[in-house]
Amino acid sequence: MDPHQQHPIRLRLNGQDREFDVESWVTLLDLLRERAGLTGTKKGCDHGQCGACTVLLDGRRVNACLTLAVMQDGHEVTTVEGLAKEDELHPLQQAFIDCDAFQCGYCTPGQICSAAGLIAEGQAKTIADVRELMSGNVCRCGAYPQIVRAVAQVLELDASALDEGKPFTTGSVLA
């Protein structure tokens, strides 16, 4: 078997049908960045530990660095570039701006996609839930309080506890 054999795949990528020929070892992350030109999705650790590469696959959050592109034939992929509708930002994108929920911005696309998936899952009912369910996305700058505030704003959760001066933890995984 030729290791460089290419396999045709079709994706619904940010609302558009796209076709690619990929080798079996190409990750969804590399396909998005190098072949589709969608560089919003970031390569952080390349081991599924930081969440910088989080995208939505059929509406569910996945680490694109751990996902083989050939396995996604026929699926829908949404990146941070696909969340906005024409000239109108997605509510999460606007909330991240409103809440200053980024510093260097490297993790922001993955944070926003993860938050979009979290909202679609419907499991976050409290600030603690948001912290826990976002704990797979690392922000090396430490903008966690602002990130949680932005997600809480979109979920219409009471974020006043973030103003009480208590130490911030991201959830049981990182606490």
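The values are calculated or read from the model by the stated rules, or taken from the named source; none is laboratory data. Only a predicted model underlies this, so the values are computations on that prediction, with no experimental measurement involved. Note that we place each Cβ from the backbone using ideal geometry, even for glycine, and neighbour counts take in every protein chain shown. Please note that ligands, DNA and RNA were not included when accessible areas were found on the heavy atoms of the full protein model with its side chains. Shrake-Rupley method; radii C 1.70, N 1.55, O 1.52, S 1.80 Å.
Close contacts from the stretch 68-84, counting a first residue that is in contact (Cβ under 8 Å) with a residue 12 or more places away in the chain and under 10 Å from Leu57 (Cβ atoms) and a second that is charged (D, E, K, R) and in a loop (DSSP other than H, G, I, E, B), with Cβ to Cβ under 8 Å and a gap of 6+ residues or different chains, come to His75/Asp58; Glu76/Asp58. Of all the residues in the stretch 27-63, those that are aliphatic (A, V, I, L, M) and within 12 Å of Ser114 (Cα to Cα) number 5.
Report yes if Thr79 is of a type in the set (Val, Ile, Thr), under 15 Å from the mean Cα position of the chain (by Cα), open to solvent by 50 Å² or more (accessible area, probe 1.4 Å) and within 16 Å of Gly110 (Cβ to Cβ), otherwise no. Criteria not met by Thr79.
Using the structure shown, decide if Gly110 is at pLDDT 95 or above and crowded, with 21+ Cβ neighbours inside 10 Å.
It is true that Gly110 is at pLDDT 95 or above and crowded, with 21+ Cβ neighbours inside 10 Å.
Name the residue that is nearest to Lys43 (Cα to Cα), counting only residues in the stretch 123-164 that are part of a loop (DSSP other than H, G, I, E, B) and acidic (Asp, Glu).
Glu156
Pairs, please: C-beta under 9 Å, at least 6 apart or cross-chain, first residue surrounded by 20 or more Cβ atoms within 10 Å (Cβ to Cβ) and in the stretch 148-162, second in a helix (DSSP H, G or I) and at pLDDT below 90? Qualifying pairs under 9 Å: Val148/Leu162; Arg149/Leu162; Ala152/Leu162.
With the requirement that a residue be more than 14 Å from Val154 (Cβ to Cβ) and surrounded by fewer than 17 Cβ atoms within 10 Å (Cβ to Cβ), what does the stretch 86-105 give you?
Hits for the stretch 86-105 are Glu86, Asp87, Glu88, Asp100, Gln103, Cys104, Gly105.
If the condition is being open to solvent by 40 Å² or more (accessible area, probe 1.4 Å), touching a Pro at 6+ places or on another chain (Cβ under 9 Å), over 18 Å from Gly110 (Cβ atoms) and not acidic (Asp, Glu), then the stretch 16-44 contributes Ser24, Trp25.
State yes or no: is Ala120 open to solvent by less than 70 Å² (accessible area, probe 1.4 Å) and either part of a loop (DSSP other than H, G, I, E, B) or aliphatic (A, V, I, L, M) (or both)? It is false that Ala120 is open to solvent by less than 70 Å² (accessible area, probe 1.4 Å) and either part of a loop (DSSP other than H, G, I, E, B) or aliphatic (A, V, I, L, M) (or both). Only residues that are surrounded by 19 or more Cβ atoms within 10 Å (Cβ to Cβ) and either at pLDDT below 95 or of a type in the set (D, E, K, R) (or both) were counted in the stretch 45-72, giving 1.
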